Amino acid sequence: MAAPNPAVIQASMNNEAEKSGARSAIVLLVIVLLLAGYSVEFGLQTLAWAEARHWAGINPWLNDVPQPLQAPATPAAKGTQVKAYDFQFTASWAISKITPSLNFVDVHFDPGQVITFFGPDTQLDTLRELRNSNPAEYQKFMTVFAEHPIESNYEIYQAVYSASPTQLSPFLRQRDALRINSLLLWKLSFGTEGGAGIFSFDFGKNHGFQFGDPAKGPVAVRVFDDRGHQFRFIFTTTAGSNARITQDDIDRAVQTLEPVPILER
């Protein structure tokens with residue numbers, strides 16, 4: 001029996017190597033094409049999704065979205081009327097003193113509760129600022145939110161605090177990924193303003209957002225009325241007192257907030 005021809009064996013080995021190399025090149029090309037297609041179609045969404053997961057790891061409260069508060073049937077009849085900045089609201093306790101400042105009023109009550117009330121002129125008109133300060137950026141803003149138009153400061157806060165990293169995925173439409181990514185950046189910028197938990201309320205003419213639970217500590221509230229005004233409250237207690245603030249106390253102040261009648265100003 002004749003011995004195998006070394007040249008034939010080498011040629012066969014070279015042929016198999018070439019076939020294997022060709023198959024590897026084809027597989028690699030397919031992978032590259034798939035990755036390129038994925039990057040074109042889903043690259044931006046994947047980047048936004050990864051960024052949001054990173055932000056939420058550092059700031060877990062980004063996952064919080066407003067939980068609706070139940071509106072009281074009717075505000076309690078008794079209480080103390082507080083007036084400031086041509087507006088008034090009803091508090092649950094007797095006033096001990098009022099300390100005015102340049103941008104806010106501290107209202108101290110006998111049991112030890114304190115309400116800090118910021119007038120509407122001290123609150124940033126975010127939408128107007130965005131519209132007037134940089135028309136080019138405002139046009140980009142309008143493009144990103146074309147399918148979900150924002151037409152008031154209340155709608156800005158509603159959209160921002162309703163956004164969550166869990167709403168992002170690598171397979172969203174690019175427009176939706178850009179919108180949610182922009183809202184999350186704003187949410188980081190706005191912050192939580194108070195303790196843990198974000199809540200929403202709709203008391204007819206007054207609606208807005210509450211940051212924090214009065215059973216756990218200070219509470220900040222942003223109120224938007226039906227005339228385009230926006231307000232900010234901070235509810236807290238004096239150090240060392242046994243004073244308590246309930247959700248009903250906060251609801252009463254927010255629900256009764258209204259302009260002082262012109263004849264009483």
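Rolling a 1.4 Å probe across the protein heavy atoms gives the stretch 165-230 an accessible surface of 44 Å² per residue.
Got a sec? Which residues in the stretch 128-144 would a label at Arg175 touch, if it sits 7 Å along Cα→Cβ and we count backbone N under 14 Å? Residues passing the 14 Å test: 141-144.
Solvent-accessible surface of protein heavy atoms, probed at 1.4 angstrom with all chains present, puts Trp93, Trp49 in the order Trp49, Trp93, largest first. To the nearest 10, the accessible area of Ser182 is 40 Å² with a 1.4 Å probe. How big is D, in µm² s⁻¹, for the stretch 57-119 by Stokes-Einstein at 37 °C and 0.692 mPa s if Rh is the Kirkwood radius over C-alpha pairs? Calculated translational D: 228 µm²/s.
Modelled spin-label separation between Thr238 and Glu151, with each label point placed 7 Å from Cα along the Cα-to-Cβ direction: 4.7 nm.
When all alpha-carbon pairs of the stretch 83-149 are counted, what percent fall beyond 17 Å? Considering the stretch 83-149, 59 percent of its Cα-Cα pairs are separated by more than 17 Å.
Quotient of the Cα radius of gyration of the stretch 100-183 and 2.2 N^0.38 Å, N being its number of residues: 1.53.
So what does log10 I(q)/I(0) come out to for the stretch 176-247 at q = 0.17, 0.18, 0.23 Å⁻¹, using the Debye formula with one equal point on every Cα and no solvent? Listed by q, the Debye log ratios stand at -0.76, -0.82, -1.06.
Spin-label pair Leu47-Ser189: with each label point 7 Å from Cα along the Cα-Cβ axis, the two points sit 1.9 nm from one another. Positive contributions from Lys and Arg (+1) and negative ones from Asp and Glu (-1), summed over other residues with Cβ under 14 Å from the Cβ of Pro60, come out at +1.
Per residue, the convex hull spanned by the Cα atoms of the stretch 85-230 amounts to 137 cubic angstrom.
Heavy-atom accessible area, probed at 1.4 angstrom with all protein chains present, ranks Thr90, Thr238 as Thr238, Thr90, highest first. Farthest towards the positive end of the charge dipole of the stretch 143-188, among the residues Tyr161, Ile150, Gln174, is the Cα of Gln174, using unit charges on the Cβ of Lys, Arg, Asp and Glu.
The values are calculated or read from the model by the stated rules, or taken from the named source; none is laboratory data. What you see is a predicted model; the values in this text were computed from it and never measured. Here the Cβ is made from the backbone with ideal geometry for all residues, glycine too, and neighbour counts use every protein chain on show. The protein model used for the area step is the full one, side chains on, heavy atoms only, and it has no ligands, DNA or RNA in it. Shrake-Rupley method; radii C 1.70, N 1.55, O 1.52, S 1.80 Å.
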